[in-house]
Structure formats: C-alpha cells, structure tokens
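Below: the structure, in structure tokens.
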Amino acid sequence: MHRITLNQQERDEVAELVAEVAGDDPERWNPLEAMDSSTELAERLPLRLRQFLAGVRKNESDVTVVSNLPVSDDLPPTPIGWDIAAKTGAGHREEAALLLCGSALGEPFGWANQQDGRIVHDVCPAPGHENSMTSASSETELSLHTEDVFHPCRGDYVSLMCLRNPDAVGTTLVRIANLELTESVRDILEQRRFRFYPDDSHVGAVLAGAAAEDYLAGRGYDLGAVVFGPAERPYFRFDVDFMSAAASDVVASEAIISTNREFADRIERVALLPGDAVFVDNYRVVHGREPFNPRYDGKDRWLKRLNLIRDVRRIYAMSDRRSRIIA
Ligand SMILES: NC(=[NH2+])NCCC[C@H](N)C(=O)O
Ligand SMILES: O=C(O)CCC(=O)C(=O)O
Ligand SMILES: [Fe+2]
C-alpha cells in the first residue's frame, strides 16, 4: 500500500483550495460546476502530493492512501442515507477535497441512474438497507467487487474519502497480483465466457435473467473475460453477486466459484480514518467492506466516493452528448 501523509502546511494549502472550490454555503454547492474548477485548481495542490499522484498514475499502483486531508471542524451529522446528503449538501467541503485530489489522478465521472446522477457519492448506512448489496448496507458484508463491473467505461480508480469511521470498519481489498490461480482456471478466466450485470445501486437497470442478457447484449456488453491485458501485469474484473457464466457453461461457473474462494486467503484491509482518501485501482484490485452495526445517531461511518477514468473521451465516444454522467 502506497501512502502519503500531508504535513500541516500541505493540509492548510489543500484547505485553501477547498475553500475556493466549495464556498461556505452547502445549500449552494454545485458539484458539477465545482468539478470544472477543481480540475484547474488541482494544478495548485502541494507539489509533493502532485508528484506522488503522478507516480501512482504512471506506475499503476494498486492501492494508494492520501492521509491528513482537511476535514471540517463543523462537520454535520452523518446523513441517514445518500439522498439526505444530496438534498442538504452535507460534507460539501470534503467532496471538494476529493475532487481536487482525484483530478490529479484521473477524470471524475458519474452514472445517471446511480445516486441521482451525482458525481460525488455518499457512502453511509441507511435504515432498511442493512443487508442490501449496495454501499448503504452495514450488517452484511459487502462482497469483494470491481466497481461497476458490467460497464466498459467503469472507473480506472474508485476513490473513497473518510469523514467518519468511529469503529474503524475496514475496507477490504484483494489484488490480482496476490492471487495464485491455477493455470487451467486462469485460462478459463481469460476467455469471453462471462456476463456482468449492473449492481443494485444502478436504479432501473434490468437486473437479472434473460431480460438482462438481452439488455446487455443490445448495448454491446456481451460475453466478456474476467482476466485480460498484459500477461505479466494483468487486469481483471469480478463481482460474484453480479456476474454469471454463459448459460450452461459449468466450467466457467466453477471458475467463478474457485476464484471467489481464492480471494478469502488474500484479503487485505484498510480502516480509513477521517482525512484519509484511498484510491483503488479498479483494474487491478477488487474491494469490499466488513460488516458493522449502524447507529443512525449522526455519528455513523461516512465516506465520500468518486469514480475516476483515465481518459474521459472513452465516455464521450459512447454517446451523442459530451457528458461525464453516463446515461
Ligand atoms: N457485490 C456487490 N454488492 N456489488 C455492489 C457494490 C456496491 C455498489 N458499488 C454501490 O454503490 O452500492
Ligand atoms: O465502504 C467501503 O469501505 C467500501 C464501499 C464500496 O465498495 C463502495 O461504495 O462501492
Ligand atoms: Fe465499491
């Protein structure tokens, strides 16, 4: 794990940029506008941080933590669900901090059908979702997954900035570099024998069964491989809850099961503290979360999440609109 810890002066410098991007009034916070200014202002981040993130990008570092980012003294209570945060602008300065750092690594983008098309998401437990398969869950663990596994323009990085984490709940991680797959399993994973589906956070997406297969095939998301790219430094995608083998392909189905079993021995964890942001390489690492007990008292665990792609033109090229929000 690569880590940089900002010193006091660097933290103050970031806080100044955050103030410029975010302003004082959460009610007037417009993340899409802020995204534009943050891309320019990212040039003024402390040199040591910019150089560090440039190295992360160039070397394709698996997991990177930036520590001691500014978190507001007057942080509002943890919202009880992302929709509340969307209404109130809660944690808008921290959204700005994540946009600034993220812009040094990639290009922010979002999904029209996820968290209402927001560019920065809230990850906090929500009543009624304790055992769901979305980031709003708590009591049930969140399976190790590639973020937005189904989509060809899924993020190169998923980034999470911590505002609160009182019980030091861990984000779980497995790197492909640590997997010891047998040659025969790897061989199967490299073949286009798998289907990948939108997860439950993509509202209104067709979720399962034959209808989903038609929908995805119609959009060009046909059978794909799990492992791909350079043999010496491969990429992968995996989400046991939202993938399947092609119909009646028992061998591919078994490869999913054995890969998922292999994860168990390779899990690393990072318990983010307030002011930590983790940048997970979404092509080299799957991530998830340990279970925990939600409180719903304003002191709950609270992260901001931002997707980053290395070349936003890949998104523009898929559509007839020049938008970072994938429809
Ligand atoms: N295996 C899974 N549960 N995958 C879905 C992960 C959570 C999803 N990214 C969300 O925003 O809610
Ligand atoms: O809460 C975490 O640590 C991870 C959450 C996650 O995987 C997500 O929001 O996509
Ligand atoms: Fe995730």
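Values quoted throughout were computed directly from the atomic coordinates according to the rules given, and no laboratory measurement underlies them. Please read all numbers here as calculations on a predicted model, not as lab measurements. Cβ sites come from the backbone with ideal geometry, for glycine too, and all protein chains shown count toward neighbours.
Structure notes:
- Ordering of 168-175, 261-268, 294-301 by burial proxy (mean other Cβ atoms within 10 Å per residue, highest first): 168-175, 294-301, 261-268
- Rounded D (µm²/s) - segment 247-327, Kirkwood Rh over Cα pairs, Stokes-Einstein at 37 °C, 0.692 mPa s: 191 µm²/s
- Using Cβ point charges alone (K and R +1, D and E -1), the dipole size of segment 14-82 about the Cα centre works out to roughly 480 debye.
- Under a model in which nothing but the beta-carbon of Lys, Arg (+1) and Asp, Glu (-1) is charged, the chain shows a dipole of about 600 debye around its Cα centre.
- Multiplying the residue separation of A327 and E130 by 0.36 nm and removing their Cα-Cα distance gives an extension gain of 68.1 nm.
- FRET E, pair R295, R233, Förster distance 45 Å, beta-carbon r, rounded to 0.05: 0.60
- For segment 70-107 versus segment 120-137, the inter-centroid distance based on Cα atoms is 16 Å.
- P(r) for the chain, from all Cα pairs and a bin width of 10 Å, is 6, 27, 36, 24, 7, 1 %, short bins first.
- The chain: calculated mean residue ellipticity at 222 nm from DSSP helix runs of at least 4, using -39500 (n - 2.57): -8500 deg cm²/dmol
- The stretch between R192 and A246 holds 18.5 nm of extra length on full extension. This uses 0.36 nm per residue minus the Cα-Cα distance.
- Taking other C-beta atoms within 10 angstrom as a stand-in for reagent exposure, V56, V250, V312 fall in the order V250, V312, V56, fewest first.
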